[in-house]
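Report on one structure; see the data block that follows.
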Amino acid sequence: MSTFESTSNRNYPLPHKDNLLQQDVQRLRKALVNVDSDVHASIEFNDELQQQLSQLKRRVRLNQLLGDDKDLSF
């Protein structure tokens, strides 16, 4: 029987010193796939936020040029 441990925040599976490498290889593969997915989602989210920030900055500049800084909503 193998020992199962996981990370505290995202519950990625961790290897354990008492496990055989054959048991932990699949855990390590699963952890790497999950980390890859989380990093990808984080990058996409960050890119979306950057686009929204750029749009907001353009809108603020335009409003300032027009002398109307009241409406900053999308």
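Would you confirm whether any residue within the stretch 54-73 is outside any helix (DSSP H, G or I), among the small types (Gly, Ala, Ser) and within 28 Å of the chain's Cα centre (by Cα)? Walk me through how you get there before you give the answer.
Start the filter on the stretch 54-73 by keeping residues that are outside any helix (DSSP H, G or I), which leaves 67-73.
From what is left, the residues that are among the small types (Gly, Ala, Ser) are 67, 73.
Restricting the remaining residues to those that are within 28 Å of the chain's Cα centre (by Cα) gives 73.
Yes, that holds for at least one residue.
Might you let me know whether the stretch 24-44 holds any residue that is open to solvent by 100 Å² or more (accessible area, probe 1.4 Å) and among the hydroxyl-bearing types (Ser, Thr, Tyr)?
Checking the stretch 24-44: not a single residue is open to solvent by 100 Å² or more (accessible area, probe 1.4 Å) and among the hydroxyl-bearing types (Ser, Thr, Tyr).
Quick check on my filter: what residues within the stretch 45-68 are farther than 30 Å from ARG10 by Cα and either of a type in the set (Lys, Arg) or open to solvent by 80 Å² or more (accessible area, probe 1.4 Å) (or both)?
Correct list: GLN55, LYS57, ARG58, ARG59, ARG61, LEU62, GLN64, LEU65, LEU66.
In the stretch 1-23, which residues are assigned to a helix (DSSP H, G or I) and open to solvent by 100 Å² or more (accessible area, probe 1.4 Å)?
LEU21, GLN22
The values are calculated or read from the model by the stated rules, or taken from the named source; none is laboratory data. This is a predicted model, so every value here is computed, not measured. For accessibility, only protein heavy atoms count, side chains too; no ligands or nucleic acids. Shrake-Rupley method; radii C 1.70, N 1.55, O 1.52, S 1.80 Å.
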